[in-house]
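See structure below.
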Amino acid sequence: MIQNERESRHAHILHVGRQMMTAARTAPKGKGVDIIETAMVTDEDIKVLSDKMIEMVAEHGMKFFLRDADNILNAECIILIGTHEQAQGLNCGHCGYATCAERKAGVPCAINSVDVGIAIGSACATAADHRVDTRVMFSAGLAAQRLDWLKGCTQVYAIPVSASSKNPFFDRKPKE
């Protein structure tokens with residue numbers, strides 16, 4: 001049997017994507033409280049995400065969303081990693097308030113932010129271990145958050161994944 005890499009690449013990328021989600025799940029969490037959610041976007045849902053990013057430009061004017069919306073169309077899959085909002089009760093002050101009780105609505109718990117960052121780093125390290133290309137995207141994550149693809153998550157980031165001869169997520173030119 002001869003198996004050409006081009007014929008098995010997509011299945012391999014989806015397998016790596018699942019491993020990235022597992023890496024995010026098993027990453028250390030503040031106080032051991034798991035409030036991380038992950039999902040994998042594939043096929044026609046990548047276009048749905050791209051369209052949402054384009055739609056959002058009219059709302060906020062951030063033109064890099066146009067570039068990123070075009071860019072994610074080169075992904076085999078996109079890993080979403082987000083966190084639910086849950087103050088950890090440490091009264092650490094890292095959010096800018098002396099106590100968790102003083103923190104205003106909408107201000108993220110700093111521990112939640114650190115947890116999602118560690119999960120992203122763990123997922124990206126897993127991708128690197130498998131020599132696939134990624135890039136962490138705030139823009140695609142925010143669009144996924146608006147689509148509520150990670151139900152109730154307040155901080156969502158997207159990681160498009162590709163395996164081609166050149167990483168499509170770097171050396172990008174702005175779109176008008």
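Can you say whether MET53 is under 13 Å from ALA143 (Cα atoms), in a helix (DSSP H, G or I) and open to solvent by less than 80 Å² (accessible area, probe 1.4 Å), as far as the supplied structure shows? In short, yes. Cβ-Cβ contacts under 7 Å between residues 6 or more apart (or on different chains), taken from a first residue in segment 20-39 that is within 16 Å of VAL114 (Cβ to Cβ) to a second residue that is at pLDDT 95 or above and of a type in the set (Lys, Arg), are listed as ILE36/ARG25. Those residues that are at pLDDT 95 or above and open to solvent by 100 Å² or more (accessible area, probe 1.4 Å), I need them from segment 1-25; list them, please. Answer for segment 1-25, where residues must be at pLDDT 95 or above and open to solvent by 100 Å² or more (accessible area, probe 1.4 Å): just ARG18. For segment 67-92, residues that are open to solvent by less than 60 Å² (accessible area, probe 1.4 Å), touching a helix residue (DSSP H, G or I) at 6+ places or on another chain (Cβ under 6 Å) and in a helix (DSSP H, G or I) total 3. Applying the criterion of being more than 13 Å from the chain's Cα centre (by Cα) and in contact (Cβ under 8 Å) with a residue 24 or more places away in the chain to the residues of segment 147-165, the residue that is least open to solvent (accessible area, probe 1.4 Å) is SER162. Checking each residue in segment 143-163 for being in a loop (DSSP other than H, G, I, E, B) and among the charged types (D, E, K, R) picks out ASP148, LYS151. Any residue that is under 14 Å from ILE46 (Cα atoms), small (Gly, Ala, Ser) and assigned to a helix (DSSP H, G or I) - is there at least one of those in segment 109-130? Checked segment 109-130: no residue is under 14 Å from ILE46 (Cα atoms), small (Gly, Ala, Ser) and assigned to a helix (DSSP H, G or I).
If the condition is being charged (D, E, K, R), under 14 Å from the mean Cα position of the chain (by Cα) and open to solvent by 50 Å² or more (accessible area, probe 1.4 Å), then segment 112-146 contributes ARG135, ARG146.
State the number of residues belonging to segment 35-50 that are of a type outside the set (A, V, I, L, M) and either at pLDDT below 95 or part of a helix (DSSP H, G or I) (or both). Of the residues in that region, 4 qualify. Residues being closer than 29 Å to GLY61 by Cα and surrounded by 20 or more Cβ atoms within 10 Å (Cβ to Cβ) are entirely absent from segment 96-108.
Could you tell me which of the residues VAL57, VAL33 is hydrophobic (A, V, I, L, M, F, W, C) and within 30 Å of HIS94 (Cβ to Cβ)? Lay out the reasoning, then the answer.
On the way: VAL57 fails: within 30 Å of HIS94 (Cβ to Cβ).
Every option except VAL33 fails the conditions.
Among (1) in a loop (DSSP other than H, G, I, E, B); (2) closer than 28 Å to GLY32 by Cα, which single condition is LYS166 missing? With (1) in a loop (DSSP other than H, G, I, E, B); (2) closer than 28 Å to GLY32 by Cα applied to LYS166, the lone miss is (2). A count restricted to segment 131-142 and to residues that are part of a helix (DSSP H, G or I) and within 20 Å of ILE35 (Cα to Cα) stands at 3.
The values are calculated or read from the model by the stated rules, or taken from the named source; none is laboratory data. Here the structure is a predicted model, which is why all the values come from computation and not from measurement. Backbone-built Cβ (ideal geometry, glycine too); neighbour counts: all protein chains shown. SASA here: full protein model, heavy atoms, side chains in, ligands and nucleic acids out. Shrake-Rupley method; radii C 1.70, N 1.55, O 1.52, S 1.80 Å.
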